[in-house]
Amino acid sequence: MKKLFNKLKRKQTYYRIPELERMRLIEKASIQVSRGVFFSTIIIITSFLPVFLLTGQEGKLFHPLAFTKTFIMIVDALLVLTLAPVLISFFMKGRFRPETKNPVNRILEKIYEPVIRTCIKWRKTTLAVNIIALAISIPMLLSLGKEFMPPLDEGSILFMPVTLPDVSNSEAKRILQVQDKLIKSVPEVKNVLGKAGRANTATDNSPISMIETIILLKPQSEWRKGLSKNDIINELNAKLQIPGVTNGWTQPIINRINMLSTGIRTDVGVKVYGQNLDTIYAFAEKVKKELEGIDGVKDLYVEPITGGKYIDIIVKRDEISRYGLTVDDVNSVVEIALGGMRLTTTVEGRQRFSVNARFGQDFRNNLESLKRLQVQTMKYGPVPLEAVADVKITEGPPMINSENAMLRGTVLFNVRERDLGGTVNEAKEKLDKMITKLPKGYFLEWSGQYENLIRSEKTLKMILPVVLLIIFLSMYFAFRNAREAFLSLISIPFALIGGAVMIYFWGVNLSVAVAVGFIALFGLAVETGIVMVIYLNDAMQQLVDKKGNSKDTITKADLREYVIAGAAKRLRPKLMTVSVSLFALIPILWSHGVGSDVMKPIVLPMVGGVLTSATHILLVTPLIFLMAKEYELRKHGKIEVLETKH
C-alpha cells in the first residue's frame, strides 16, 4: 500500500500556491485584462448609440432593448473592475494545475496550433480567402430586399374592403353579412366580426362604404397541412370577389399604427397633392394604372374623391317672387322636412335633451317625395317644392382630404410576397417614366411604411460613421496605439461575412431589426478581438524580456513562435466567450409564436457574424499582428511592445 501511495503521489499534477503568491497572481491577471475588458464593454455600449437615435415606431420598439443592454453593460463594467477580483480571491483556492494539463485545453490547442501554423505559412492565401469572402458577401448583402420592419404575425387578420361611395346602409349591411358567411366557411377561421362605417367615436371618420372585419384564426396546429397564413389570405380573397368591392388585407395592430403615423391604412400610399379634386383624381387613376401588374403590389385602390351623391335644391328666384316667397321661406321648409327643427328642450333630472321634429321617412326617402313637399304661400295656398326649386341628385366628393393646407388624393396598396423596398423602387421607376412633368401646384409623395423605411435609413447612415469613430477612439485609449486599435477594428467588416450569409440563405430582407442585429454584432466582434490583441502583446512582452528588443537578438522564427503561443494562450476562455453568445442566440432561431418574426432577423446576423468574426480573430488577427511586428523589426530594428501590465 505504501508503494502504491508513493506512486500515485509522484503522478500528482496539482501544485499548492502560497497565499501571498496567489493574491499577487490574481492582482496581476486582473490588472492585465481589466483595461481591455472595460473598454470592450464601453464599445458595446457605444455600438448601441444608433438604436437610441431611432425615432417613430422603430424607436419605440428597440429603445427598451437598448436601454436594458446598456444598463446591464454599465453594471458589468463596474463589476469587472470591483467585484470580480474579490470573488476570484474567495473562490480560486486550493490546488492548481497548469493550463497545459487541462484536457479540454490540450485538445483545443492540438487542433488549433497546426491550423494557425498553416495560415501563417500560407499567409497570402489566407488573406486572399478572407478578402474574397468579404468581397462576395457585400454584393450578397446588397442583393437582399428591403423593408421597414419584419412583418409581425399578430395571429389575426383585418379585412378592409371598400365599396362604392354612394352605397346605401341596407346594401352595406347585406354585403357585410355575405362576406362574414364566406369568411366563416374557411376551416381555419375561428370567429368573424365586421362593422361598416364609423364607430361611436369622434376620432373615426370612416364612411359607410368602408368595412372592417376582424378575423380570428384557430391555433396553427388545427390548420390544414402545409397551409400558411398567406395561403389563407389568398383563399379568402378568391372567395370574396364581389362586384363593386375592392378587397384589402392587413392586420389589426399594424393597421392602426399605419393610420396614426402616416394617415393611410395600407403598407404604402402615393399621395397626390393639388388644387382641384377632379384633376387630382385623374392623376390618381393614371398612377393606379401604372402600378397595376407590378410584382408584390396587392389590394391596389384609389381613394374615392368623386362618386358621392348629393341632393341639390336650387331655388328658382323668378318663381318664388311670383308666389310672394323668399329664399328663407323655401330653406325653412327643406330644413324642417330633411334636417329637422328644434321644438323645445326637455329636462330629465340633471340631463337635458333637445326635441326635434321632421317629416316621416315615407315623405323624404326618394326624389319624387321631396319634389312634392308643400311650401305654404300667403295668396295661393300650398305649392309643391318643385314649383319653386330644382330638386336633383348630383355627384361630388364623398370626403375631402387635405394635408398641409393642400387637397390630397391617395393611391393605396399593400405589399405581399415581395420586399417593400424593391416593390416601391420599381413602382417609382415606372411613375417617373410616366409622369415627366406635373402642372404647377401638383406633386406626388410616397407614404406609409416606405416613409418610415427612408427615415430610419437616413438616421442609421448618419450615425454609423460616428459610432465607428467612437469605437476606434475607445480602442485607442485601451491600447494607446493607433495600429493596435485598427487591428481590432478590422474584425468588424469580416463579421459581416457570416451575418450576410445567414440572412441571405434564411431568406430575410434587410430591415431595422437586421440593422440592430449587426449593431449588436459589432460590439461582440470587437470584444473578442481586444482579448486576442492583449494576449498577443503579452507574448511580445515575454519575448522582449527573454531576448531583448533588437533585430540582432530577435528572429522571424522567434516572432512566429511567440505569436502562435500568444494566440493559443487562453484559447479556452476565448472560445468560451464565443460559445456563450452562440448558446444564448441559437435557440431563438427555432422559436415560434408572436414576436419570433422580429427576433429572428436580429439574431441571424449575430449568429453568423460571431462565427466568422471568431474565425477571423483566431486565424487572421495573429497573422496580421505577426506581419506588423515583422515590418517594425525590419524598419525600426525593434518591435513596439504595448504595456500589458497597466
Q) Could we say that residue 559 is open to solvent by 20 Å² or more (accessible area, probe 1.4 Å), in a helix (DSSP H, G or I), modelled with pLDDT of 80 or more and not charged (D, E, K, R) here? A) no
(Q) Condition first: surrounded by 10 or more Cβ atoms within 10 Å (Cβ to Cβ) and either acidic (Asp, Glu) or in a loop (DSSP other than H, G, I, E, B) (or both). Now tell me which residues in the range 200-211 satisfy that. (A) 204, 205, 206, 207, 208, 209
Q | Of all residues making up the range 376-424, the number that are within 30 Å of residue 457 (Cα to Cα), in contact (Cβ under 8 Å) with a residue 24 or more places away in the chain and either in contact with a Cys (Cβ under 8 Å, 6 or more places away or on another chain) or assigned to a strand (DSSP E or B) (or both) | A | 11
Q) Mind checking which pairs have a first residue in the range 39-68 that is surrounded by 14 or more Cβ atoms within 10 Å (Cβ to Cβ) and a second that is part of a helix (DSSP H, G or I) and among the acidic types (Asp, Glu), Cβ under 8 Å, 6 or more apart or different chains? A) 40/527; 41/76; 41/527; 43/527; 44/527
Q) When the residues of the range 212-237 are filtered to those that are among the charged types (D, E, K, R) and in a loop (DSSP other than H, G, I, E, B), which remaining residue is least open to solvent (accessible area, probe 1.4 Å)? A) 218
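Conditions (1) closer than 27 Å to residue 171 by Cα; (2) within 28 Å of the chain's Cα centre (by Cα), marked per residue:
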{"residue": "197", "(1), (2)": "yes, no"}
{"residue": "210", "(1), (2)": "yes, no"}
{"residue": "219", "(1), (2)": "no, yes"}
{"residue": "227", "(1), (2)": "no, yes"}
{"residue": "242", "(1), (2)": "yes, no"}
{"residue": "249", "(1), (2)": "yes, yes"}
{"residue": "292", "(1), (2)": "no, yes"}
Q | Unique residue being at pLDDT 75 or above and of a type outside the set (S, T, N, Q) when the list is 51, 37 | A | 51
**Q.** the range 347-367, subset aromatic (Phe, Trp, Tyr) and in contact with a Leu (Cβ under 8 Å, 6 or more places away or on another chain), residue least open to solvent (accessible area, probe 1.4 Å)
**A.** 359
Q: Would you confirm whether any residue within the range 140-161 is hydroxyl-bearing (Ser, Thr, Tyr) and in contact with a strand residue (DSSP E or B) (Cβ under 6 Å, 6 or more places away or on another chain)?
A: yes
Q: State which residue pairs qualify: first residue within 19 Å of residue 512 (Cβ to Cβ) and inside the range 133-145, second residue open to solvent by less than 80 Å² (accessible area, probe 1.4 Å) and part of a loop (DSSP other than H, G, I, E, B) in any location, beta carbons under 8 Å apart, and separation of 6 or more residues or different chains.
A: 144/419; 144/508; 144/509; 145/418; 145/419; 145/509
Q: Mind listing just one residue for me: the one in the range 288-300 that is closer than 17 Å to residue 450 by Cα and of a type outside the set (Asp, Glu) and, of those, most open to solvent (accessible area, probe 1.4 Å)?
A: 298
Q.
Taking the conditions exactly as written (modelled with pLDDT under 85, charged (D, E, K, R) and open to solvent by 50 Å² or more (accessible area, probe 1.4 Å)), does residue 372 satisfy them or not?
A. no
**Q.** Where a residue in the range 193-222 is of a type in the set (Gly, Ala, Ser) and at pLDDT below 85 and its partner, wherever it lies, is open to solvent by 30 Å² or more (accessible area, probe 1.4 Å) and in a loop (DSSP other than H, G, I, E, B), with Cβ under 7 Å and at least six apart
**A.** 197/207; 197/208; 206/198; 209/164; 209/165
Q) Here are some residues: 65, 81, 53. Which one is of a type outside the set (Val, Ile, Thr) and closer than 30 Å to residue 417 by Cβ? A) 65
Q: Determine which member of the set 487, 464, 496, 453 is in contact (Cβ under 8 Å) with a residue 40 or more places away in the chain and either more than 24 Å from residue 620 (Cβ to Cβ) or touching a Cys at 6+ places or on another chain (Cβ under 9 Å) (or both).
A: 453
Q.
Please go through the range 425-458 and give me each residue that is under 24 Å from residue 59 (Cα atoms) and in a helix (DSSP H, G or I), ordered by number.
A. 449, 450, 451, 452, 453, 454, 455, 456, 457, 458
Q: Go through (1) in contact with a Gly (Cβ under 9 Å, 6 or more places away or on another chain); (2) open to solvent by 40 Å² or more (accessible area, probe 1.4 Å) one by one and return the number of the condition residue 507 breaks.
A: (1)
Q.
Can you go through 110, 124, 101 and tell me which one is surrounded by 11 or more Cβ atoms within 10 Å (Cβ to Cβ) and of a type outside the set (Val, Ile, Thr)?
A. 101
(Q) Please go through the range 613-646 and give me each residue that is polar (S, T, N, Q) and either open to solvent by less than 40 Å² (accessible area, probe 1.4 Å) or more than 38 Å from the chain's Cα centre (by Cα) (or both), ordered by number. (A) 613, 621, 644
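Condition check ((1) open to solvent by less than 70 Å² (accessible area, probe 1.4 Å); (2) in contact with a Pro (Cβ under 7 Å, 6 or more places away or on another chain); (3) in a helix (DSSP H, G or I); (4) among the hydroxyl-bearing types (Ser, Thr, Tyr)) across all residues:
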residue: 148; (1), (2), (3), (4): yes, no, no, no
residue: 151; (1), (2), (3), (4): no, no, no, no
residue: 158; (1), (2), (3), (4): yes, yes, no, no
residue: 171; (1), (2), (3), (4): yes, no, yes, no
residue: 186; (1), (2), (3), (4): yes, no, no, no
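The values are calculated or read from the model by the stated rules, or taken from the named source; none is laboratory data. In this text the structure is predicted, and so the values were computed from the model without any measurement. Heads up, the Cβs are rebuilt from the backbone with ideal geometry, glycines too, and the neighbour counts pull from every protein chain shown. For the accessible areas, the whole protein counts, side chains as well, though only heavy atoms, and no ligand, DNA or RNA atoms are used. Shrake-Rupley method; radii C 1.70, N 1.55, O 1.52, S 1.80 Å.
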